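The values are calculated or read from the model by the stated rules, or taken from the named source; none is laboratory data. Note that the coordinates shown come from a computational prediction; the quantities given were computed from them, not determined experimentally. When we count neighbours, we look across all protein chains shown, and the Cβ atoms used for this are built from the backbone with ideal geometry, even at glycine.
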Amino acid sequence: MKRWQRKDLLGIQELSAAEINFLLTSAQAFKQVGKRSVKKVPSLRGKTVVNLFIEPSTRTRTSFELAATRLSADVINITANASSLVKGETLKDTALNLQALHADVIIIRHSAAGAPHFLGRLLKASVINAGDGAHEHPTQALLDAFTILEKKGRIAGLNVTILGDILFSRVARSNIWLLTKLGANVTLAGPSTLVPRVFEQLGCRVTHNIDDALRDADVVNLLRIQHERQRQTLFPSIGEYTTMFGLNKERFARLKPDAMIMHPGPVNRGVEIDSEVADCDRSVILEQVTNGLAVRMAVLFLCCGGQVVES
Amino acid sequence: MNSLIIKHGRVIDPANRVDEIRDVFIAAGKITGTPSGHTEVIDATGKIVTPGLIDIHVHLREPGRSDKESIETGTRCAARGGFTSIVAMPNTTPAADNTGTIAFIKQRAAEVACVNVFPAGAITKELKGEELAPIGSLKRAGVVAITDDGRCVQNNELMRRAVEYAKMFDLPVMDHCQDYNIAADGVMHEGYWSAVLGLRGWPSVAEEIIVARNILMAEVTDWHIHCQHLSSARSVGLVREAKKRGVKISAEACPHHFTLSDERLKDYDTNFKMNPPLRTEADRQALLAGLADGTIDIIASDHAPHCTYEKQVEFDVAPFGIIGLETELALSLALVQQKVLSLSQLIEKLTTNPAKLLRLPKGTLSAGADADVTVIDPTAEWTYDVEQSASKSNNSPFHGCHLNGRAVTTIVGGKIAWQLE
């Protein structure tokens, strides 16, 4: 693959393995930029990037904002909550207004699955999905893959366990598509109410036995238990979750010695992961954050029509 | 007096077990056995002539939301679709839970409707599922059934009393089957596609548990409950088994449920969002089997207009429902092409069966009956274009679809309500 062809980045599901690899390769170039004393490049000078965040987020919004700033774009942040948007102006009108202001890229985070796809069809501007409901979070999966590649040198053949709230997780879905497309063996684990068997049809192994899920894992990706997305009927208590599925020291000690710990954040210390395990030298949680910047620079650059010159 | 002969058509009149080429005579708004005096002639050579079609599940939106649809435009959709009688659902604003609203609907229909409008009344006040509506008074005001359609009575005690009470007035009870706790805030069928799309699931069991409840209630009260718009395979199985035991239960299916499956939601197109949701291919096949063996008695559209601006929003917040009166016949005729039903069986589900359920004096070409007649061109090939729709709304997933077969003349009370140009 020589050129990036897409206007939008809406999800991983529709990408080919070649497109994913192209994005990851491009991100390597941008990672180098972050190590320089002058961290800014002029690639998107004169472009307008809008961070349209219709669901609370600090980490992803900050990462996108910094990525756009380092590419010299002009960045506008718009935050709203979905309910005020429903009552007042529609998402369609908001987006058309942004287009009327000649926005080149709209980065959207929304609690409703499919909202970025709706905008992608509607707008001439590039639309980048920064997380839509429980659907996809493509840049998270890309930065996770980038981190795995950096540490392990490969993705094909690795055993990756994703542990936690799969049902309501966009991170899980994007990771499932990406990792299976690149040849990893993906295991999903957690309570049966949050990890339904139907996910086997997405090409994963599903287990509700934590030891079984961790035994052969090369990578363990922990997901936050998201109180705000859940009904009260799905599991009895946070305490029981921690007892049954938390990555505590005993479980950590039984992992393969080179198994790597990932977490998309924010971490609930003492819930899905023991605090010391989160900080140990096999945890790459902060490197994921650093790599997120490089990946998002690459995505912004490519969706704006830039091409990375391969050295 | 205006009189009409419909000549040389293939007359299918299931009520009289007729399926043959013959002429149909109309005078003074009634079907007559013989021609009388000066007559206008409709040549129906190569066409099918049936009793006027009946759709027992239509949302006309008036009073309250005549920006979505009105009695005038909704009945024009019906006429174009070949329907001469429709049953108006009570979830208007105000709800049809009082005699004043029923009187208003009948008055407006008398003024502007081009087909017969039979109102359904609410089971509970404001469709809230808390207190019984004045069911006896509603019957006197002219309702042909009661239903809280769009909503479902969750309180089983209240449902039991409603059915017992309606029985006194010979009023069938129709139910939109949905358990609110299980369906919760689901927006599509719970299964593979909801897992992929990250949309909240509305599982089949939320319908099935209420279908089972209704079967038990029909048994306990020995009275008729009609399950509206069945969508799932197990619902069909429950009704089939109950009918074998002689329970007074019946069921309808909508063209979108027996034509489409949940895979179609993959682009988040809100014109595929309806309640109950599109389900799996296996469910669709079960609906076809239920139609074929008579478990599902009736085909109805659940015509549910919504404004374009209401549908052009995030999938989660878009309203449920699609318009359906204009595409219903063609999608149903596809069942004949697919050999699911004979033509006569199909016409039963669109005429005699709904008439029998709601005791409507309709659905037959017997001499003396109201001259409601539909002339169908079974071979017409056409493309559905919502821009040309008679509806005020254009929320159809069938826009741009190539369809086979359509009504060419719709006659209501001896008058041509609509004719294809």
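Quick notes
- Hits in segment B:191-207 - residues which are touching a strand residue (DSSP E or B) at 6+ places or on another chain (Cβ under 9 Å), of a type outside the set (Phe, Trp, Tyr) and more than 7 Å from chain A (Cβ to nearest Cβ): B:194, B:200, B:201, B:203, B:204, B:207
- Positions within segment A:173-196 being in a loop (DSSP other than H, G, I, E, B) and either touching a strand residue (DSSP E or B) at 6+ places or on another chain (Cβ under 7 Å) or facing another protein chain (nearest Cβ under 10 Å) (or both), in sequence order: A:184, A:190, A:195, A:196
- Exactly one residue out of A:282, A:296, A:254, A:215 is touching a Ser or Thr at 6+ places or on another chain (Cβ under 6 Å) and of a type in the set (D, E, K, R): that is A:296.
- Extreme residue, nearest to residue B:354 (Cα to Cα), among residues of segment B:216-246 that are of a type outside the set (D, E, K, R) and free of Cβ contacts under 8 Å to residues at least 24 places away in the same chain: B:246
- Residue list for segment B:207-239, filter: farther than 22 Å from residue B:190 by Cα and surrounded by fewer than 18 Cβ atoms within 10 Å (Cβ to Cβ): B:216, B:219, B:220, B:222
- For segment A:52-65, the criterion of a residue being within 14 Å of another protein chain (Cβ to nearest Cβ), under 24 Å from residue A:144 (Cα atoms) and of a type in the set (D, E, K, R) is satisfied by at least one position.
- Taken over segment B:300-351, the criterion of being away from chain A (no Cβ under 14 Å) and at pLDDT below 95 is satisfied by no residue.
- Residue B:270, sole failed condition from (1) touching a residue at least 12 places away in the same chain (Cβ under 8 Å); (2) out of contact with any Phe, Trp or Tyr (no Cβ under 7 Å at 6 or more places or on another chain); (3) closer than 26 Å to residue B:196 by Cβ: (2)
- Lone unmet requirement of (1) more than 14 Å from chain B (Cβ to nearest Cβ); (2) free of Cβ contacts under 8 Å to residues at least 60 places away in the same chain for residue A:199: (1)
- Residue-level analysis places residue B:265 among those that are within 14 Å of chain A (Cβ to nearest Cβ) and surrounded by 21 or more Cβ atoms within 10 Å (Cβ to Cβ).
- Filter result for residue A:213 (aliphatic (A, V, I, L, M), in a helix (DSSP H, G or I) and under 25 Å from residue A:27 (Cβ atoms)): no
- Taken together, A:257, A:264, A:236 contain a single residue that is at pLDDT below 90, away from chain B (no Cβ under 14 Å) and not in a strand (DSSP E or B), which is A:236.
- Strands (runs of 3 or more DSSP E) contained in segment B:9-89 and holding at least 2 residues surrounded by fewer than 19 Cβ atoms within 10 Å (Cβ to Cβ) and either aliphatic (A, V, I, L, M) or out of contact with any Asp or Glu (no Cβ under 8 Å at 6 or more places or on another chain) (or both): B:18-27, B:40-43
- Residue count, segment B:141-199 (criterion: among the small types (Gly, Ala, Ser), more than 30 Å from residue A:129 (Cβ to Cβ) and surrounded by fewer than 24 Cβ atoms within 10 Å (Cβ to Cβ)): 3
- Being more than 26 Å from residue A:225 (Cβ to Cβ), surrounded by fewer than 21 Cβ atoms within 10 Å (Cβ to Cβ) and within 12 Å of another protein chain (Cβ to nearest Cβ) is a description that applies to residue A:122.
- Among (1) under 24 Å from residue A:117 (Cβ atoms); (2) touching a Gly at 6+ places or on another chain (Cβ under 7 Å) - the single one residue B:307 does not satisfy: (2)
- Here is the figure for segment A:90-106: residues that are away from chain B (no Cβ under 14 Å) and without any contact (Cβ under 8 Å) to a residue 60 or more places away in the chain total 8.
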